[in-house]
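**Q** Below is the structure I would like to discuss, written out as structure tokens.
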Amino acid sequence: MKHPPSKTIGRKYWLAKVWTTPELHIENGEFCFSPANFDPRNISLEEARKIAKFTTLFPPHSTKFGAQVWRMAHEAKIGDIVFLESLNRNLYAWGVINSEYQLRSVKNPTRENIIKAGIHQIGVKWHEIKNGEDAFRIGKGDNQLFREITKRDNLLPILKKFIDAPLTNEPIQLGKDNSPDIEYLEGGKVLRSHLSTERDAKIAKLAKDLARKKSKSGMIACETCGTIPEKDYRGLDLIEAHHRIPLADGVRKTKPEDFAMLCPCCHRAVHKLINDDVNPLNALKSILKLFAQ
């Protein structure tokens, strides 16, 4: 089975199967599992599949689990919906992802301890489903633990019926590693739409690659204060891609050239001005004027 990178735009829907007691996930506010012991964050999908062959804790499903760990780390985003399926294939809960992927460490990394720890973890605000018994039957041979079902037309409509509360635009609880600027799930607000675009890893990477090619030193300078975070912080790539024109101004195609390269401090300052009802374009100009004086 191939697992190409998802092309879904906006909220994704995931199905997660647990091999432990579902109540533990709900009590801890998370989804976690340990099909293979490796770090998927800075590798490609194909690399994850290969590494899983040698690090899997369940050999018959090695490449499949490697791909699912990779997707959990790279494609599951804050605001996505997860349906929790118990071992006997009953629908147990649904939830909203509220913190991104984290890799847990295990002091005594025996197979049993790794499985118990659930080293691959995302935060989820769960809602228990009382009537999910025998909600669907995918098949006894389906041992996949975490997979996207957004485009499964035969399954997603069934699962959506169990969401017993409206998917509102209220602020979500952020994980400890998430930016405090990200306050909403998606849609409606200028800031929310803008940040959702910036969190698109592909387009931000393309914008940064373009800026790096244009730089004589190969390092990216902040377009407002002129600092070079990569130089000041010994090689750490801290520069951030800022969408110059918010999507609320109208539907259009976005190009890498549409992003400004900002250091974290200037990026935070720009969004603070936008929060204070300053026009997004004027907010960027205001920061530029401060450093021009």
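The values are calculated or read from the model by the stated rules, or taken from the named source; none is laboratory data. In this text the structure is predicted, and so the values were computed from the model without any measurement. Note that we place each Cβ from the backbone using ideal geometry, even for glycine, and neighbour counts take in every protein chain shown.
**Q** Provide a single number: the residues in the stretch 116-136 that are of a type outside the set (Val, Ile, Thr) and in a strand (DSSP E or B).
**A** The number of residues fulfilling the criteria is 7.
**Q** Here's something else I'd like to know. I'm trying to understand the selection: among the residues of the stretch 7-37, which are aromatic (Phe, Trp, Tyr) and surrounded by fewer than 21 Cβ atoms within 10 Å (Cβ to Cβ)?
**A** Tyr13, Trp19 - these are the residues of the stretch 7-37 that are aromatic (Phe, Trp, Tyr) and surrounded by fewer than 21 Cβ atoms within 10 Å (Cβ to Cβ).
Results for (1) without any contact (Cβ under 8 Å) to a residue 24 or more places away in the chain; (2) closer than 30 Å to Phe162 by Cα; (3) touching a strand residue (DSSP E or B) at 6+ places or on another chain (Cβ under 6 Å), shown as yes or no for each residue.
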{"position": "Cys32", "(1), (2), (3)": "no, yes, yes"}
{"position": "Asp39", "(1), (2), (3)": "no, no, yes"}
{"position": "Ala67", "(1), (2), (3)": "no, yes, no"}
{"position": "Arg89", "(1), (2), (3)": "no, yes, no"}
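**Q** May I ask you to verify whether Ile163 is at pLDDT 85 or above and either among the β-branched types (Val, Ile, Thr) or within 22 Å of Pro22 (Cα to Cα) (or both)?
**A** yes
**Q** Sort out which residues of the stretch 94-115 are assigned to a helix (DSSP H, G or I), surrounded by 12 or more Cβ atoms within 10 Å (Cβ to Cβ) and out of contact with any Ser or Thr (no Cβ under 8 Å at 6 or more places or on another chain), and write them in order of number.
**A** Asn113
**Q** Give me a count of the residues in the stretch 60-76 that are in a loop (DSSP other than H, G, I, E, B) and surrounded by 21 or more Cβ atoms within 10 Å (Cβ to Cβ).
**A** Qualifying residue count, the stretch 60-76: 1.
**Q** Test Lys213 against the criterion of being of a type outside the set (S, T, N, Q), farther than 21 Å from Leu290 by Cβ, modelled with pLDDT under 85 and not in a loop (DSSP other than H, G, I, E, B), and give yes or no.
**A** No, not satisfied.
**Q** Just checking, how many residues over the stretch 31-59 are assigned to a loop (DSSP other than H, G, I, E, B) and either of a type in the set (A, V, I, L, M, F, W, C) or closer than 19 Å to Lys17 by Cα (or both)?
**A** 7
**Q** Answer yes or no as to whether Cys222 is touching a helix residue (DSSP H, G or I) at 6+ places or on another chain (Cβ under 8 Å), part of a helix (DSSP H, G or I) and either at pLDDT 70 or above or hydrophobic (A, V, I, L, M, F, W, C) (or both).
**A** So Cys222 fails the test.
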